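The values are calculated or read from the model by the stated rules, or taken from the named source; none is laboratory data. Since the structure is predicted, the reported quantities are computational estimates derived from the model, not experimental observations. Here the Cβ positions follow ideal geometry from the backbone for every residue, glycine too, while neighbour counts run over all protein chains shown.
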Amino acid sequence: MISALVLLCRLVVGGVFVYASLNKLAEPAAFAEAIHHYRLVPYALLHPSAHLLPVVELVAGVSLILGWFRRGGALLCAVMLVIFIAAITSALVRGLDISCGCFNTDAGHGVGLDLLWRDALLLLLCLPPLLVGRPGWSLDRFRRN
Amino acid sequence: MNPSDSAPRSTSWQPASLKEAGLLLLFCLAATAGSWALRPDGLSLRADPTVYQLELAAPLVSLDEALALFEEGDHLFIDTRSEDVAATGIIAGAFFIRESSFDDDLYELFDIMLPEDGLVLYGDGNLSAVSNLATLLLERGYTNLLILESGIAAWQAAGGDVSPGGAP
């Protein structure tokens with residue numbers, strides 16, 4: 001039962017992160033602009049962030065789906081979601097009318113409370129793969145601790 | 001088959017997940033560096049602020065132009081940095097306005113800073129943070145705004161006048 005729950009959470013969170021990374025990997029310049037819209041990242045870190053973040057999303061997502069370094073992938077996804085929640089909250093507080101840059105860098109969903117709820121839910125779904133010790137249906141079963 | 005059987009089991013999630021996250025992150029860094037190297041026509045590592053300046057709330061002013069404005073004495077310089085950072089030194093004669101205490105700071109400058117005055121805003125080089133403050137000033141009717149492209153360190157290195165931090 002617990003293994004099935006962990007697997008479901010892994011597939012949902014991993015799938016979302018893999019999907020979210022694809023457009024950003026294809027359009028790094030557009031993603032850099034989307035990050036810039038939040039007015040939180042200094043120019044020195046803008047392009048490095050636009051290069052690195054989609055790769056981390058992809059790797060963490062694949063890690064969760066396959067169950068290879070499952071806990072590390074879940075932790076990375078959780079940390080990213082906390083950062084996303086903080087950035088969206090900051091944009092809402094400052095009244096910024098911007099696209100969230102979550103899945104589509106061109107004309108994505110505008111920042112709003114619904115995004116906060118979505119990210120909070122995904123953060124909750126990160127907990128079972130992170131906290132449950134049994135590897136369950138994952139490639140981690142074949143690794144030596 | 002029960003997937004929980006005959007499998008490695010870890011009782012403490014923290015060390016295992018931190019170690020795994022670290023390894024994944026190292027892999028990501030290597031993959032990012034590799035993909036960047038293989039795409040020479042891709043996005044540069046260093047962002048050019050002028051490409052993004054249309055996104056800023058006020059036009060950028062170069063260091064040389066700002067030094068000239070300072071010599072002319074027609075513009076007021078506004079330090080937007082936090083109090084502890086600004087304590088290390090500010091542009092001579094600059095006034096403080098911070099996003100966190102915006103209303104109080106603006107009230108203190110009520111008789112000194114008029115909406116039509118030319119203002120040069122500066123920070124520590126993080127233009128996004130300065131632009132946020134420019135947005136607040138625009139909303140209050142201050143429209144003659146410029147944002148210094150570089151931070152106080154570049155100003156000091158270029159020989160600009162600096163005074164000790166604290167009250168100007």
Next on the checklist: Could you list, ordered by first residue, the pairs with Cβ atoms under 8 Å in which the first is in region B:124-140 and over 21 Å from B:Thr50 (Cα atoms) and modelled with pLDDT of 85 or more and the second is assigned to a loop (DSSP other than H, G, I, E, B) and not hydroxyl-bearing (Ser, Thr, Tyr), at least 6 apart or interchain?
Outcome noted: B:Leu137/B:Ile97; B:Arg140/B:Pro115
Item to check | Pairs, first more than 7 Å from chain B (Cβ to nearest Cβ) in region A:129-143, second surrounded by fewer than 15 Cβ atoms within 10 Å (Cβ to Cβ) and part of a helix (DSSP H, G or I), C-beta under 8 Å, six or more apart | outcome: A:Val132/A:Ile2
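With A:Ala87, A:Ala60, A:Ala26 as the choices, which residue is among the small types (Gly, Ala, Ser), within 16 Å of the chain's Cα centre (by Cα) and farther than 20 Å from B:Glu99 by Cβ?
A:Ala60
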Checklist entry - Of the residues in region A:1-32, how many are charged (D, E, K, R) and either surrounded by fewer than 18 Cβ atoms within 10 Å (Cβ to Cβ) or at positive phi (or both)? => result 0
Checklist outcome for this item: Filtering region A:38-66 down to residues that are more than 7 Å from chain B (Cβ to nearest Cβ) and either modelled with pLDDT of 90 or more or assigned to a helix (DSSP H, G or I) (or both) yields A:Ala44, A:Leu45, A:Ser49, A:Leu53, A:Pro54, A:Glu57, A:Leu58, A:Gly61, A:Val62, A:Leu64, A:Ile65, A:Leu66
Next on the checklist: Can you say whether A:Arg118 is without any contact (Cβ under 8 Å) to a residue 60 or more places away in the chain, within 7 Å of chain B (Cβ to nearest Cβ), buried (at least 18 other Cβ atoms within 10 Å of the Cβ) and not small (Gly, Ala, Ser), as far as the supplied structure shows?
Outcome noted: no
Checklist outcome for this item: If we keep only residues of region A:2-37 that are touching an Asp or Glu at 6+ places or on another chain (Cβ under 6 Å) and of a type in the set (A, V, I, L, M, F, W, C), then the residue nearest to the other protein chains (Cβ to nearest Cβ) is A:Phe17
Checklist entry - Within region B:1-34, can you find the residues that are more than 7 Å from every other protein chain (Cβ to nearest Cβ) and at pLDDT below 85? => result B:Met1, B:Asn2, B:Asp5, B:Ser6, B:Ser12, B:Gln14, B:Pro15
Checklist entry - Based on what the data block shows, is A:Arg94 surrounded by 19 or more Cβ atoms within 10 Å (Cβ to Cβ), facing chain B (nearest Cβ under 9 Å) and modelled with pLDDT under 90? => result no
Item to check | Flag if B:Asp124 is over 27 Å from A:Leu45 (Cβ atoms) and among the charged types (D, E, K, R) | outcome: no
